[in-house]
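**Q** Here it is: the structure, laid out below.
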Amino acid sequence: MSQPNRLARGGRLDRSRELSFTFNGQSYRGYPGDTLASALLANGVDIVNRSFKYSRPRGIVAAGAEEPNAVVQLGSTEAAQVPNVRATQQALFEGLEARSTNGWPNVQRDLMGVIGKLGGQFMPPGFYYKTFMAPASMWMTYEKYIRKSAGLGRSPMEKDPDSYDHVNRHCDVLVIGAGPAGLSAALAAGRSGALVILADEQEEMGGSLLDSRELLDERPAEQWAAAALEELAGLDNVLLLPRTTANGYHDHNFVTLHERRTEHLGETAPQAGGRRQVRSRLHRVRAGRVVLATGAHERPLVYGNNDVPGNLQAGAVSSYIRRYGVVPGNKLVLSTSNDHAYRAALDWAESGREVVAIADARPEPAGELVEQARAKGIRIIPGAAVLEARGQNRVTGARVARVDLEGFRVAGEAESLECDTIASSGGYSPVIHLASHTGARPTWRDDILGFVPNLVEGVLAAGGAQGVYATSDVLADGWSSGARAAGETGFDALEAQLPHVEARHESGSVALYQVPHEKPTLRGPKQFVDLQNDVTAAAIEVATREGFESIEHVKRYTAMGFGTDQGKLGNINGMAIAARCLGRSIPEVGTTVFRPNYTPVTFGAVVGRHCRELFDPERYTAMHQWHVEHGAEFEDVGQWKRPWYFPRRVEGRMESMHEAVARECRAVREKVGILDASTLGKIDIQGPDAREFLGRVYTNKWAKLAPGRVRYGLMCKDDGMVMDDGTTSCLGENHFLMTTSTGGAATVLEWLEVWHQTEWPELEVYFNSVTDHWATMTVTGPEARKLLAEITDIDLDREAFKFMDWREGMVADVPARVFRISFTGELAYEINVQANYALHVWETLFAHGEKYDLTPYGTETMHVLRAEKGFIIAGQDTDGSVTPEDLGMYWAIGYDKPFSWIGKRALTRPDTARTDRKQLVGLKPRNPEVVLEEGAQIVFDPDHAIPMPMKGHVTSSYYSPTLDSGFALAVVKGGQQRMGETVYLPMADGQVHEAEIVSPIFVDPKGERQNV
Amino acid sequence: MSNTVDDKIKTFDTRTTSRVPVESPLTYSYRRSGAPAPGKGSGAVLRERPFLGHLVLRGGAIVLDEALRAVLDISLPGEPQALVVDASGERSVQWISPDEWLLIVPGGEEFELENRLRGALGDAHFAITNVGGGQTVIDLEGDAASELLMKSVVYDVHPHHFPVGKGVTTVFAKTSVILRRPTETRWELVVRRSFADYIYRWLLDAGEEYAIGVER
């Protein structure tokens, strides 16, 4: 197929080979160097999408990141689907497949068009709030419809074959944008020796120099850019990141750069050296100084039917002609408020195509470019603008008339001009997005008719980004910014060396945003402000009439700037229209600000490698492999993977969890079980004041705990609420080993350090985590002593090694500390060995344990066994509102300790002294088959009208094979005084369970079994 | 009151002289995730140095320095983020925090060293904790090693900022490591046992594009 709009020569293309690609199933050809947009224009494709609300045909408008219409879906396979790609930023590659994101069955003949036009009636401004909020039950339906018709593409349903990275970078100077300002800034900073990163979002660095008509040092501007880039590439201290968008400026000069490494090569990353390349990277840059050289976006004019394909930005026309060798039409009408846009007409004419006329809103245009146009014989209509475009699927004409800018009215007869392209320019808006990510509001400048950024410390702006437009000024501004940034990070910049640029005379611009029409805005043809969200000038006028005066309200009411383009083209025009309607100035109306991301970033880059198996760290104990090999099901406890239960194959069938847990429970109560308890937090405490310190952080007493003994300890926050618990062993007079809950290990260590460092620095004590150093295995059950005796030299005699003693010796030929503590209520030994030996010791226990039917058990069985004994789990039976008294653990409260331990004072507050606080009790369901739901609410009167007063809730609940019944721990108001009473648990399904309040100790209340 | 008297502090030699199987923190990882052999094109080579002696020293810099010089003939790094390695390259001491240093010595030396240090430190206020079972050292070398680290840690590893003889505790992916640079070409990661597999798998994944290899 021919490329009807392709020029015979020119453009930065490799014409030695052609690329084929498809758009909406149709095949086309282009060249390396094309963007998808330039190739579509070269092939004469007018319609690239249908609009969001009205389903109007839309064409390509811009040539860069600001494009609102040409948002396409890429991908030839399901896994390769990429939504939200701007065709103007997508490099063409062989075999590229793209589709419009909106328009069904196709954009040319759109069935939705009819529906859409009706649909538009239902989407007046404020539709989000008016139409779709009622009835609320329909919102899900509306949302689906809106999302589908919004045309923002869809995510792939298959696994992404690509990989993505985060890269942390640090530099002295980060320059964003590699146009004239950025190149100049990077040269100044780079030559000073500072570490520089230069990032640019386009396929090629050079920015406006790549389509400039100017000469730098008597050479075409693009040659100067090429030389500058070559020099920068040769500097070791400079990193060039092309195809890299600075998508967010965060606090303290932390900038995220999204680098697309392979998206110009194929839809998924090709192999290199036998390995699939990383598709895109998020560079997390921490910079000393940031230079924003982001340039300016051209503002289109707002006139009737300005959305019909064939309406383009003037600058985009020049870009397509000069960079891509594409003239996007045959007959051009230009509507402008300034000199610079004349480039479009000159480039057009030089391409051999017809410029019908230039409508210049200024009464007496007189700049150098204007004179060049006159010299070419181009007709210039002064004081005029395009009022309205003609045509449906493509521009067929333009109505042009004299306009009275002051009076906002048409001042003369309209003239109809035949054309297929209308280029417009209403001036330039500095690209202030990154600067406004800081939250700093920009400032309006009447002299440049644009907002310039207010800069926080450490950020500089150069060139177009702060309204400096003349090329020689831009280069100088870039240099001085780069030099200043380098200087502020400790490098001396060299003397400025800037190319000579012929000064150009430009005549001033006029302020023109919305072009007046003969009809009032509400009755005239649609004048689009935000093309992506179908927001018209009329919509903004309606919003102001309905009383929305704040620009933030106008934005939300009309959805202006809500699209993925964030209103890059439309926002300033929208503000100007609101200002006109409200009779205020633009600075009075103010501006909305932009948020990250500047352009959409693929989730892959946001996630980086933190996905799939690497989503979150998985912490393993030294016995993990054994657990895996023995079929354990795992439970996440914090980041630890703990065996949950060990299902066995019984009679050819895998046990259910219920069956496995019942078997494991019986094994511990009747024979012997083993638990991997390595995940418990362990803190080694040394120092002459260690004992005193323990007395202050625990509620109970530590003064008399002798070496060789272990004690349970309860820890409160300063508000008197239980924070953690565990056992602490006295290893020596000045030496203790504290254990914490698995999840509480880090918190407790920090807690100890905070109190030591801030409150009691005079205490001589040090804390060190030894959680990972020791592996811990709990051998528990009536046969535990016999089993352990086979492989240890420690005297296990019940008098020599009592409950709550610890001893050291050899276990399976490995030095071990053995603690006789019990979380099951049975005889139990916790064996601690250096983790590198753990698997050997564990396997030796099993080698000897077979005759005792040694059974591995997991956390679920541990929970059942401990709950049968009424042992709490901090964080499950407590929730930050439970005191030791609420738990009934008066035995663990040292009321008469000399030093006021943490939490003591809080226990005397009136609220903590109430007798009707929620207190820990046991619950026995009347029906033993019922296992109450954890979290279920408890009421005293099930017949009470709803809302019933809620008197407590279930904290732990299980089936007990020992009791052959469900049982639970719960907190109930005044529960300690309500033993024997019946409570009720109404469930969501209408059932009401009955349960009796009982002691939380269900099994062996006297503790005889653990003391054998 | 002294830390050195036997019944005040309970030191404990956790190593056995019996020949029993012993497993480094990465043993399971090799089995599960494999260990690609380094080749000519490997831009990064990973090697675990398991079973070393790791002692955490807490206390005042002056007394610890004196004891360390007397016992081991190396001086305590006084500067924050400094790492001192002895002439053999086998023993090192690293600043961790204002009153904390990490001493790494050949495996088996640590218990005797702890007792000698305790003897030298006498009545001073200090703590020595054996953490050898709880952490391991991963060496990283190769042209792409620092690039691989940039994908993994937030800390600036540029040679201007991270010269030889520096060591920091920093964020690594979603966990933390102690990162040190004992020589021009070699980085060391001191990682906690329970996180070692995550870090290993992360390095293999992030290092794939550099053809990372594992020396065993």
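**Q** What nm distance separates the two modelled labels at B:H158 and A:D236, each placed 7 Å from Cα along Cα→Cβ?
**A** For B:H158 paired with A:D236, the spin-label model returns 1.3 nm.
**Q** Check cross-link reach from A:K376 to the lysines: straight Cα distance under 28 Å, and skip same-chain residues fewer than eight apart.
**A** A:K331
**Q** Roughly speaking, what is the stretch gain from A:M657 to A:R926, that is 0.36 nm per residue apart minus the C-alpha to C-alpha distance, in nm to one decimal? Spell out each step's value before the answer.
**A** On the way: separation 269, 0.36 × 269 = 96.84 nm, distance 2.41 nm.
Roughly 94.4 nm would be gained on extension.
**Q** Sticking with this one: Where a Cα-Cα gap under 17 Å defines reach, which lysines qualify for A:K918, not counting those fewer than 8 residues away within the same chain?
**A** Result set, ordered by chain and number: A:K951, A:K973.
**Q** When a/c is below 1.5 the answer is rounded, else prolate if a/b is larger than b/c, else oblate, so apply that to region B:1-70 with a ≥ b ≥ c taken from the square roots of the Cα gyration tensor eigenvalues.
**A** On the way: a/c = 3.94, a/b = 1.87, b/c = 2.10.
Note, shape of region B:1-70 comes out oblate.
**Q** Translational diffusion coefficient of region B:68-216 at 37 °C, 0.692 mPa s, Stokes-Einstein with Kirkwood Rh over Cα pairs, in µm²/s as a whole number.
**A** Details: Rh = 16.4 Å.
Calculated translational D: 200 µm²/s.
**Q** Take the residue pairs A:K53/A:K568; A:K869/B:K8; A:K641/A:K1006; A:K1006/B:K10; A:K682/A:K786; A:K802/A:K904 and return only those whose Cα atoms are more than 25 Å apart. Write out the running numbers ahead of the final one.
**A** On the way: A:K53/A:K568 19 Å; A:K869/B:K8 35 Å; A:K641/A:K1006 34 Å; A:K1006/B:K10 34 Å; A:K682/A:K786 27 Å; A:K802/A:K904 31 Å.
Over 25 Å apart, Cα to Cα: A:K869/B:K8; A:K641/A:K1006; A:K1006/B:K10; A:K682/A:K786; A:K802/A:K904.
**Q** If you don't mind, another one. Can you give the three extents of the C-alpha atoms in the protein assembly as shown along their principal axes, from longest to shortest, in whole Å?
**A** Each principal axis gives a Cα extent; for the protein assembly as shown these are 114, 82, 61 Å.
**Q** Would you kindly compute the Cα radius of gyration of region A:520-598 and its largest Cα-Cα separation (Dmax), both in Å?
**A** 11.6, 37
**Q** If you place +1 on the Cβ of every Lys and Arg, -1 on the Cβ of every Asp and Glu, and leave all else neutral, what size is the dipole of chain B about its Cα centre, to the nearest 20 Debye?
**A** Values: 24 positive and 30 negative charges, 122 e Å.
The calculation lands at about 580 debye.
**Q** Could you work out the mean count of beta carbons from other protein chains within 10 Å of each residue's beta carbon in A:617-625? Intermediate results must be reported in sequence, preceding the final value.
**A** Numbers: counts 11, 5, 8, 10, 3, 8, 2, 4, 6.
Averaged over the peptide's residues, the number is 6.
**Q** Also, quick follow-up: If the chain between A:S585 and A:Y895 were fully stretched, how many nm would it gain, using 0.36 nm times the residue separation less the Cα-Cα distance? All intermediate terms of the calculation are to be shown ahead of the outcome.
**A** Numbers: separation 310, 0.36 × 310 = 111.60 nm, distance 7.10 nm.
Here the answer is 104.5 nm.
**Q** Here's something else I'd like to know. Please give the charge dipole size of the protein assembly as shown, origin at the Cα centre, charges +1 on K and R Cβ atoms and -1 on D and E Cβ atoms. Round to the nearest 20 debye.
**A** Details: 131 positive and 160 negative charges, 581 e Å.
Dipole about the Cα centre, nearest 20: 2780 debye.
**Q** Still on this structure: Cα convex hull of region A:588-634: mean projected area in nm², to one decimal? Can you show the working numbers first?
**A** Numbers: hull surface 26.0 nm².
One quarter of the hull surface, i.e. the mean projection, equals 6.5 nm².
**Q** With r as the distance between the Cβ atoms of A:D446 and A:H553 and R0 = 22 Å, compute the FRET efficiency 1/(1 + (r/R0)^6) and round to 0.05. Each step should come with its number before you reach the end.
**A** Numbers: r = 25 Å, r/R0 = 1.13.
Approximately 0.30, to the nearest 0.05.
**Q** Taking the alpha-carbon set of region A:430-578, what are its Rg and Dmax in Å?
**A** Using the Cα atoms of region A:430-578, the pair Rg, Dmax is 19.4, 62 Å.
**Q** Let me ask something else about it. Of A:P617, A:Q202, A:G508, which is farthest towards the positive pole of the protein assembly as shown's charge dipole, taken about the Cα centre with +1 and -1 on the beta-carbons of Lys, Arg and Asp, Glu respectively?
**A** A:G508
**Q** Looking only at the protein assembly as shown, where both bridge partners belong to it, what percent of the DSSP beta bridges are antiparallel (to the nearest 5)? Mind showing how you got there, number by number?
**A** Working: 176 of 228 bridges.
Roughly 75 percent of the DSSP beta bridges within the protein assembly as shown come out antiparallel.
**Q** Residue by residue, what Karplus-based ³J(HN,Hα) values in Hz, rounded to whole numbers, does region B:78-91 have, using 6.51, -1.76 and 1.60 with θ = phi - 60° and x for Gly and Pro?
**A** x, 7, x, 6, 9, 10, 10, 10, 6, 4, 6, x, 9, 10
**Q** For region A:210-352, what are Rg and Dmax over the alpha carbons, in angstrom?
**A** Looking at region A:210-352, its Cα Rg and Dmax stand at 19.6, 55 Å.
**Q** List the lysines whose Cα lies under 21 Å from the Cα of B:K151, skipping any in the same chain that are fewer than 8 positions away.
**A** Within the straight-line cut-off, B:K151 pairs with B:K166, B:K174.
**Q** Can you work out the Karplus-derived ³J(HN,Hα) for every residue in region A:302-314? Use 6.51 cos²θ - 1.76 cosθ + 1.60 with θ = phi - 60°, whole Hz, and x for glycine or proline.
**A** So the J values, rounded to whole Hz, are 9, 9, x, 6, 6, 9, 5, x, x, 8, 10, 6, 4.
**Q** Oh, and also: What fraction of the Cα pairs in region A:915-1012, stated in percent, has a spacing above 22 angstrom?
**A** Details: 1279 of 4753 pairs.
When every Cα pair of region A:915-1012 is considered, 27 percent fall beyond 22 Å.
**Q** Sticking with this structure for a sec: At what distance in nm do the modelled label points of B:D73 and A:V992 sit from each other, each positioned 7 Å from its Cα along Cα→Cβ?
**A** About 8.5 nm separates the two model spin labels.
**Q** OK, next. Distances longer than 26 Å among the Cα atoms of region A:300-426: what percent of all pairs is that? Mind dumping the intermediate values first?
**A** Values: 904 of 8001 pairs.
Cα-Cα pairs of region A:300-426 separated by over 26 Å account for 11 percent.
**Q** Taking a label point 7 Å from the Cα of A:A496 along the Cα→Cβ vector, which residues of region A:272-301 have an amide N closer than 16 Å to it?
**A** The answer is none.
**Q** Let me ask something else about it. Quick one: which residues, 5 or more positions from A:H250 or on another chain, have an amide H under 5 Å from its amide H? H modelled 1.01 Å from N in the peptide plane, none for Pro or chain starts.
**A** A:V255, A:T256
**Q** Kindly express, to the nearest 10 degrees and within the range 0 to 90, the angle between helix B:61-72's C-alpha long axis and the longest C-alpha principal axis of chain B.
**A** The two axes meet at around 80 degrees.
**Q** How many angstrom separate the Cα center of region A:690-762 from the Cα center of region A:243-306?
**A** 51 Å
**Q** Further question: Suppose each label sits 7 Å from its Cα in the direction of the beta carbon; what would the B:S97-A:F615 distance come out to in nanometres?
**A** A separation of 3.2 nm, rounded to one decimal place.
**Q** Checking the a/c ratio against 1.5 first, then a/b against b/c, what shape does the Cα gyration tensor give for region A:582-715? Each step should come with its number before you reach the end.
**A** Numbers: a/c = 3.29, a/b = 1.49, b/c = 2.21.
Because a/c hits 1.5 or more and a/b fails to exceed b/c, region A:582-715 counts as oblate.
**Q** Mind checking which of A:P643, A:A65, A:L796 is farthest towards the positive end of chain A's charge dipole, using Cβ charges of +1 (Lys, Arg) and -1 (Asp, Glu) about the Cα centre?
**A** The residue sitting most towards the positive pole is A:A65.
**Q** Here is a follow-up. Just to check I understand the Karplus step: with θ = phi - 60° and J = 6.51 cos²θ - 1.76 cosθ + 1.60, what whole-Hz values come out for region A:784-789, glycine and proline as x?
**A** 4, 5, 5, 5, 5, 4
**Q** Considering the options A:V333, A:A344, A:I321, tell which one lies farthest towards the positive end of the dipole of region A:300-426, charges being +1 on Lys and Arg and -1 on Asp and Glu at the Cβ, about the Cα centre.
**A** A:I321
**Q** Something else: Once R0 is set to 25 Å, what does the formula 1/(1 + (r/R0)^6) return for the Cβ-Cβ distance between B:S33 and A:H630, expressed as a FRET efficiency to the nearest 0.05?
**A** Working: r = 20 Å, r/R0 = 0.80.
For R0 = 25 Å, the calculated efficiency reads 0.80.
**Q** If a/c stays under 1.5 just call it rounded; otherwise compare a/b with b/c (prolate if a/b is bigger, oblate if not). Do that for region A:865-967, with a ≥ b ≥ c from the square roots of the Cα gyration tensor eigenvalues. Don't jump to the answer; show the numbers that get you there.
**A** Numbers: a/c = 2.98, a/b = 1.48, b/c = 2.02.
Verdict is oblate for region A:865-967.
**Q** Treating only the Cβ atoms of Lys and Arg (+1) and Asp and Glu (-1) as charged, compute the dipole magnitude of region A:520-598 about its Cα centre; round to the nearest 20 debye. Could the numbers behind the result be given before it?
**A** Details: 9 positive and 8 negative charges, 17 e Å.
Roughly 80 debye, rounded to the nearest 20.
**Q** Where the convex hull is taken over the Cα atoms of region A:289-347, what is its projected area averaged over directions, in nm²?
**A** 5.6 nm²
No value in this document is a laboratory result; all are computed from the given coordinates. No experiment lies behind these values; they were computed from the predicted model shown. As a convention, Cβ positions derive from the backbone with ideal geometry for all residues, glycine included, and neighbour counts pool all protein chains shown.
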